[in-house]
Amino acid sequence: MKHLALALLCTVCCNIATAQHRLWYDQPAQTWTQALPVGNGVIGGMVFGAPAVEHIQLNEETIWAGQPNNVINPNAKQVLPEVRRLIFEGKYKEAQDLANEKVMPQAARQNMGMPYQPFGDLYIAMPGHADYSNYERFLDLDNGRTVVRYSLDGVKFEREVITPLGGHHVMAIHLTASEKGRVTFIANMTSPHENVLINMDGNETTLLGVSSKHEGLKGKVRFMGRMAVQTKGGRTSGSNGILSVVDADEATIYVAIGTNVKSYKDITGDEAVQSRERLHKAMALGYEALKAQHEKSYHQYYDRVKLDLGPDRYANVPMNRRIERFSVLGGFAAESDNHLVATYFQFGRYLLICSSQPDNMNPANLQGLWNDKMFPSWDSKYTTNINLEMNYWPSEVTNLTELNAPLFKLIRECYEQGKQTARDMYGVDGWVLHHNTDQWRITGPVDRAQTGLWPMGAAWLCRHLWEHYLYTKDEDFLRQYFPIMLDAARFFTQTLVKHPTRGWLVVCPGESPEHGGKGRPTPLDAGVTMDNQIVKELYTNVLAAANILGIGTIDTIDTIGTIETIKAQLPQLAPMQIGHWGQLQEWLDDLDDPKDDHRHFSHLYGLFPSNQITPTRTPALWQAARTSLEARGDVSTGWSMGWKVCSWARLLDGEHAYKLIKDQLTLTADTFLIFGAVKQHGGTYPNMFDAHPPFQIDGNFGCTAGIAEMLMQSYDGFVYLLPALPSVWKDGSVKGLVARGGFEVDIDWKDGKIVKAVIRSRHGGVCKLRANTPLKGSGLRRDKQSGCYMLTTKAGQEYILR
């Protein structure tokens, strides 16, 4: 505490005003959630930073257990009508038992999805480097690299790790010293997989393995890691899978990993050839050129958005201590650590850049790209009842639209698989995806009926297709993906059923994800609020897209018929309802418990991410949503708190949204497995990873989106500047946020009031604006009816407002 106090005093007195965003530490990592992540969507690494023996845990995006498959119980189609009948008769437990016995895949001896698995580990041993001093390590968000520095016998040593963007799918570790001839080490790779083969291929070490068998499905993903070194000076040698460098001036270790995976349904690739090509392509450039190319590509993404919430007053305080102090005091001394929040925001963008590049085979999974366990929690799959979608909430608004490409690829591939599931399981046209998928794009239900028999995944994912159009106005994209949206709707036109007592068309069986109503023995139900909201949104978006594309009058009879059915069914969907204590009902029946603090609050889907609940169009529902969210409480799992930041921003309550940021930035102990005395809780690990617990990356992405939503909103037909600004962010600026309609927005504010706003119009058209500060600007006029400012724009033009 004495040293911490001195550090605080020094940093406050110096009033450090650097614009750097970095995660800085004065000790090596002891645990995986203290290590620092690097990645390019293909290869990922967690850098521990110990001087004597560097440890970098490695992943490759296509190393998953199992092999191409889908999971469908052949009995499901015959049994589902009986499950529906039991639900409508109020026999919920009987319906659940029957579904588990005859509908879910394990009843047919099928798997429940495959786990994402690690490649292994890289170790770099530097003899005599245990007695070091002046140690520091950091993740440099501004340049996309990790750095380790320390001194030994008067010599300064540095390691820099990059996973370059720009098409080079390798990791490069650059080792230097302040004196020539002082870089000496041995390096080797290991793996937790069984029976791996470690060999030499000339001057390169290789590690060959195969992924695991899981739940009866044999692992058939072959992978090969390949490592080589380039040096200036010194001597290099290699044997038995170990590379040795002695007395070099500097050295660069390159690691590439190849697999046999060519697509979700094709594993005929050659892992040796791929690993060799990846390695040699990078080494041909050399480290400096590779780094320059990486930085150019990285800055093209990262530099688009800048968030300034004040100077970095605590740059010399290790990040784990900053996080620990932030949640307790909201900052240090009399000054809030607002720069920590800005860094957390940029860290979320960094993670998306590193785990979801346009040419990747897979999108960011439950842990993004990073996983050290053979069988991680929830298999680190793609959970589609919020978690996968949350991963991409920041993509459009924080100006990273290209990074959606792997998600759109997954949607198309699940569409291909999901048509079979709709036909074989439900006996209908269209496509369906339940609450989980994996690299093999399974679309049938998994786990137990009480969590997995939820047919809404395809519909939810389709909102990302529509949102992409709203942000980009790309009609070619919309035309390309419209059949996927239409077929998702087609599934519901043939599966919605009329409620026997309410008369509305409802989804049955359905459920409010992972959560049942008070007095109900199971989450299985009919017409739950989230299902109704998702179907309504899908139908509405399909009709809007059809109108934009001119579809519905000259297209096929099948397409026209589906669109007409959508129009007929839309007014028959169950509406949102306000319950007996003023809450938005989560279920068709008024079952909500005001003492319920469940992590899922799925009935507020209509508030966020959807736009069905707004203060201008549905004020009563908006207030009911607030009542529900207040009752749910604040502290929860990490990802749930990220969702709550977004939701409180939509409720225009910046103070409450900021309170949730503080709750999420609560340091989570990550040594409880070692010492057994400390219980984990939702929050943030020392390396800023979100803690469910355990680590789930969706909380990072959710909070990043929430911070953007506090600063700018565009979901309700207008661009709202600073809609939920907390008082602690008194002065600041944000550059480069993107609003629906294709408007790029900069905002500067002082004393909570807008000083300057810049609107850059990508496509032209009228930009409707709302602000709590009066605005002036050339061409700006006020619409008396809506209260919005109206700005007629031209594509490519910039407009300054004050």
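The values are calculated or read from the model by the stated rules, or taken from the named source; none is laboratory data. This is a predicted model, so every value here is computed, not measured. Every residue, glycine among them, receives a Cβ derived from its backbone with ideal geometry; neighbour counts consider all protein chains shown. Accessible surface is based on the protein model in full, side chains and every heavy atom, while ligands, DNA and RNA are left aside. Shrake-Rupley method; radii C 1.70, N 1.55, O 1.52, S 1.80 Å.
When you restrict to C-alpha pairs under 8 Å that are six or more residues apart and normalise by the size of the chain, the relative contact order lands at 12 percent. Of the residues T684, T618, N532, the one whose Cα sits farthest towards the positive end of the charge dipole of the chain is T618 (charges of +1 on Lys and Arg Cβ, -1 on Asp and Glu Cβ, taken about the Cα centre).
Rolling a 1.4 Å probe over the protein heavy atoms gives the range 574-680 an accessible area of 36 Å² per residue. Here the spin labels are modelled as points 7 Å beyond Cα on the Cα-Cβ line, and at K232 and E82 they lie 7.5 nm apart.
Would you calculate the convex hull of the Cα atoms in the range 89-160 and tell me its volume per residue in Å³?
Hull volume normalised by residue count: 243 Å³.
Only Cα sites of the range 621-722 enter the Debye sum here, all with the same form factor; the resulting log10 I(q)/I(0) across q = 0.20 1/Å is -0.93, listed in q order.
The Cβ shell under 12 Å around Q572 holds other residues with a net charge of +4, Lys and Arg each +1, Asp and Glu each -1. Sorted on the mean count of surrounding Cβ atoms within 10 Å across their residues, most packed first, peptides 470-483, 779-792, 516-529 read 516-529, 470-483, 779-792.
State the Kirkwood hydrodynamic radius of the range 404-509 in Å, one decimal place, computed from all pairs of distinct Cα atoms. Kirkwood radius, the range 404-509: 14.4 Å.
What value, in deg cm²/dmol to 500, does the helix sum -39500 (n - 2.57) over DSSP H runs of n ≥ 4 give at 222 nm once divided by the residues of the chain?
Rounded to the nearest 500, the figure is -10000 deg cm²/dmol.
Which angle from 0 to 90°, rounded to the nearest 10, does the C-alpha axis of helix 557-569 make with the longest principal axis of the chain? The angle comes out at about 70 degrees. Which net charge results for the neighbourhood of A315, defined as the other residues with beta-carbon distances under 10 angstrom from its beta-carbon, given Lys and Arg at +1 and Asp and Glu at -1? Around A315, the charge tally is +2.
From the P(r) of the range 676-802, could you give the percentage of C-alpha pairs in the tail past 20 Å? That tail contains 50 percent of the Cα-Cα pairs. What the phi angles of the range 206-217 give under the Karplus curve with 6.51, -1.76 and 1.60, with θ = phi - 60°, is a coupling list of 10, 9, 10, x, 9, 5, 7, 6, 8, 6, x, 9 Hz, glycine and proline written as x.
Straight-distance candidates among the lysines for linking to K662, with alpha-carbon spacing under 16 Å and chain neighbours fewer than 8 residues away dropped: K644. Summing charges over neighbours of K794, with a neighbour being any other residue whose Cβ is under 15 Å away from its Cβ, gives +1 when K and R count +1 and D and E count -1.
A straight Cα-to-Cα reach below 18 Å connects K536 with the lysines K498, K567, residues fewer than 8 places away in its own chain not being considered. Can you classify the range 292-376 as rounded, prolate or oblate using the Cα gyration tensor, where a ≥ b ≥ c are the square roots of its eigenvalues, rounded means a/c under 1.5, and otherwise it's prolate if a/b beats b/c and oblate if not? Taking the square roots of the gyration eigenvalues as a ≥ b ≥ c, the range 292-376 is oblate.
Between R781 and H280, the contour length at 0.36 nm per residue exceeds the Cα-Cα span by 174.4 nm. Report the Cα centroid-to-centroid distance between the range 231-292 and the range 79-107 in angstrom, as an integer. When both Cα centres are located, 53 Å separates them.
Counting only lysines at least 8 places from K156 when in the same chain, those with an alpha carbon closer than 18 Å to its own are K180, K232.
Suppose R0 equals 35 Å; then what is the FRET efficiency for E655 and A620 from their Cβ-Cβ distance, rounded to the nearest 0.05?
After rounding to 0.05, the efficiency reads 0.90.
Quick one: grab the alpha carbon gyration tensor of the range 36-162, order the square roots of its eigenvalues as a ≥ b ≥ c, and give me rounded if a/c is under 1.5, else prolate or oblate depending on whether a/b is larger than b/c. Because a/c hits 1.5 or more and a/b exceeds b/c, the range 36-162 counts as prolate. Backbone phi angles across the range 657-671, fed through the Karplus curve with coefficients 6.51, -1.76 and 1.60 (θ = phi - 60°), yield HN-Hα couplings of 4, 5, 4, 5, 4, 4, 5, 6, 8, 9, 5, 9, 4, 10, 10 Hz in residue order; Gly and Pro are listed as x.
I'd like to check one number: the per residue accessible area of the range 17-115, probe 1.4 Å, reported in Å² as a whole number.
Accessible area per residue, the range 17-115: 33 Å².
What the phi angles of the range 359-372 give under the Karplus curve with 6.51, -1.76 and 1.60, with θ = phi - 60°, is a coupling list of 8, 6, 7, 10, x, 4, 8, 4, 10, x, 10, 10, 7, 10 Hz, glycine and proline written as x. Calculated translational diffusion coefficient of the range 114-247 (4 °C, 1.567 mPa s; Stokes-Einstein with Kirkwood radius over alpha-carbon pairs) equals 76 µm²/s.
Averaged over residues, the count of other Cβ atoms within 10 Å places the peptides 410-419, 200-209, 633-642, 439-448 in the sequence 439-448, 633-642, 410-419, 200-209, highest first.
With a threshold of 32 Å on the Cα-Cα distance, the over-threshold entries among K218/K419; K77/K595; K296/K776 are K77/K595; K296/K776.
Using the structure shown, select from K91/K518; K265/K409; K735/K768; K306/K730; K473/K750; K93/K213 the pairs with a Cα to Cα distance greater than 23 angstrom.
Those over the limit are K473/K750; K93/K213.
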